[in-house]
Every structure is written in structure tokens, then in C-alpha cells.
Amino acid sequence: MSLVRLAARISAVHALKGRLFEGTEVLDSEIGAIGLGPDGSLVAESESRFVAVYTNDGQALIREYEPRALHTGGTCEITFEMGITAAMLVRDPETERQQVMAGVPGTDAAFEFYLDMVGRQIMDALSDPANDWADIWRALCPVVVKIDRVRTDDAQQVRLAGHQIKMTCQIVDDPVRGTELEDGGAFSRFLLALDALGSSEADAQASLIRSALGTGAGLQSVKRSRTLGLADAESVALSGIEQLDEGGDPVESGTLVVEVDGIGTSEAK
């Protein structure tokens with residue numbers, strides 16, 4: 001699992017909190033928020049209005065000179081799934097009528113209106129320059145490649161309406177284990193923001209992520225090896241760094257002979 005993919009999802013969740021209509025819950029990775037019941041009808045697991053954020057497919061294209069670049073970011077699909085059912089309506093204290101929100105009656109058209117408005121709030125939250133979590137999300141996902149919007153509804157038992165926003169993003173490369181994070185970089189800011197939440201869950205997440213990253217002096221040779229997925233000998237050959245044996249003594253290198261048609265041969269140690 002890509003750590004940047006994980007960080008992008010968590011950042012999006014926190015970017016939405018407090019930015020949606022009152023009473024709309026933001027869920028992290030509730031993949032079954034809208035699913036199928038035993039009879040095949042759509043059901044909503046949440047008892048309140050919700051937006052569930054989770055990650056789907058992703059793809060990383062490895063260039064030919066990076067044969068094992070396992071930390072390449074590539075693309076990631078982040079899905080925002082929102083839903084409302086008739087059971088989530090509110091009652092007007094004066095008229096006793098069921099409403100989607102104040103002044104908006106609980107009709108099918110009002111369901112769609114509410115979901116469209118929430119979709120707009122999601123976009124506003126993620127593009128808000130004053131939203132610190134959204135700023136981290138934008139740094140982790142510098143390019144939005146494609147946005148798909150999907151609608152679903154069901155009226156077999158409890159009326160339900162749901163929308164999905166599937167956002168395909170280009171994400172930055174994963175941090176390489178054993179190297180120091182860049183001060184002010186996207187991932188460093190993400191970890192500091194997790195620390196600032198001050199919750200036991202956020203502290204545990206930050207601790208586990210840091211343990212996965214390890215620590216190191218940021219040696220260029222180590223970074224190159226892990227970034228490109230190189231063996232020690234391959235890294236040494238590329239960097240020109242002297243290779244040592246188990247006893248710490250230099251390993252004698254052989255002679256490399258390069259032959260080019262029409263030019264001749266060249267030898268190098």
C-alpha cells in the first residue's frame with residue numbers, strides 16, 4: 001500500500017470535517033456505506049447523512065530506466081460517496097413536515113438538490129486556500145486527471161439517494177525508507193498535522209507511519225537504491241562508490257569492456 005495514497009485519503013477526510021452541512025458525517029474508508037441488502041435493494045449502513053471517503057484503483061507507469069521503482073506515485077482514484085435516506089429527514093417543528101433541510105421538503109427532487117450541494121461543498125473544501133488539511137491534500141495530489149460523477153437511487157424499501165465523485169489524481173512519489181523527510185514537504189506536513197490533532201488514533205497512525213519510514217542520514221546512495229529498487233552492487237555501479245566486503249575491505253572490481261560497432265572498444269576498471 002502506498003503511504004502517499006493513505007495520506008491523501010486521510011487528508012481529504014480531515015479537509016471535509018466541519019465544511020459540510022450540519023449533521024453530515026465524514027467517514028474514513030466506509031466502503032460499504034451504500035451497499036446491497038439481502039433482497040438486492042440498496043441500503044445505507046450509516047444512520048446519519050454521510051460522506052464516505054476511500055481510495056480505489058491506482059496505476060504507476062515505470063519508465064524503462066527505472067526497472068524496479070516501487071515507490072513511484074502514479075495515479076490514485078479517491079472516491080467521495082454521499083447518501084441520504086428518508087429516515088435521515090428532519091421534522092419542521094412548526095409544520096411537522098419532513099424536510100431535507102430548513103425550508104426544503106423531503107421530496108425526491110430535494111434529495112438530489114441536497115446531494116448536489118454536498119458535492120459542491122466537497123469541491124469548495126478541497127480548493128479552499130485557507131483549509132490547512134486541503135493544502136496538504138493538494139500537495140500530495142498535485143494534479144487531478146479526471147473526475148467522474150455517478151448517481152444511484154433505490155425506492156424498494158426506504159427511499160435512498162446517493163452520489164459518488166470519483167477523482168483520479170496524480171500523486172507524489174512515496175517517501176523512501178531510511179531517508180529524512182524534507183522540511184516543509186507534503187509528507188512531513190501531513191505527519192505534523194496528524195500530531196497536532198492530539199487524538200490517540202492520530203498518534204497511533206503517525207507512529208506506525210514513522211516506523212514504516214525508518215530513520216537515516218539521507219545518504220544519496222541509499223535513496224537511489226530504494227527509489228530505483230537496486231541491489232547494492234547495482235547502486236555502487238551507478239554511483240561510483242567503492243564497494244566493501246563483510247570485513248570492510250574494498251572489493252576489487254573487474255575490467256569493463258565496451259565495444260561499439262564502427263568505433264572500437266574501450267576498457268575501464
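The values are calculated or read from the model by the stated rules, or taken from the named source; none is laboratory data. All values derive from a computational prediction rather than experimental measurement. Cβ coordinates were reconstructed from backbone atoms using ideal geometry, including for glycine residues, and neighbour counts include every protein chain displayed. All accessible areas refer to the heavy atoms of the entire protein, side chains included, with ligands and DNA or RNA removed. Shrake-Rupley method; radii C 1.70, N 1.55, O 1.52, S 1.80 Å.
Using the Cβ-Cβ distance between D28 and V143 with R0 set to 41 Å, the FRET efficiency works out to roughly 0.95.
The HN-Hα couplings worked out from phi for region 109-120 by the Karplus form 6.51 cos²θ - 1.76 cosθ + 1.60 (θ = phi - 60°) are 5, 5, 4, 5, 4, 4, 5, 4, 5, 5, x, 5 Hz, whole numbers, x standing for Gly and Pro. Accessible surface computed residue by residue for region 159-205, with neighbouring protein chains in place and a 1.4 Å probe, gives 47 Å² per residue.
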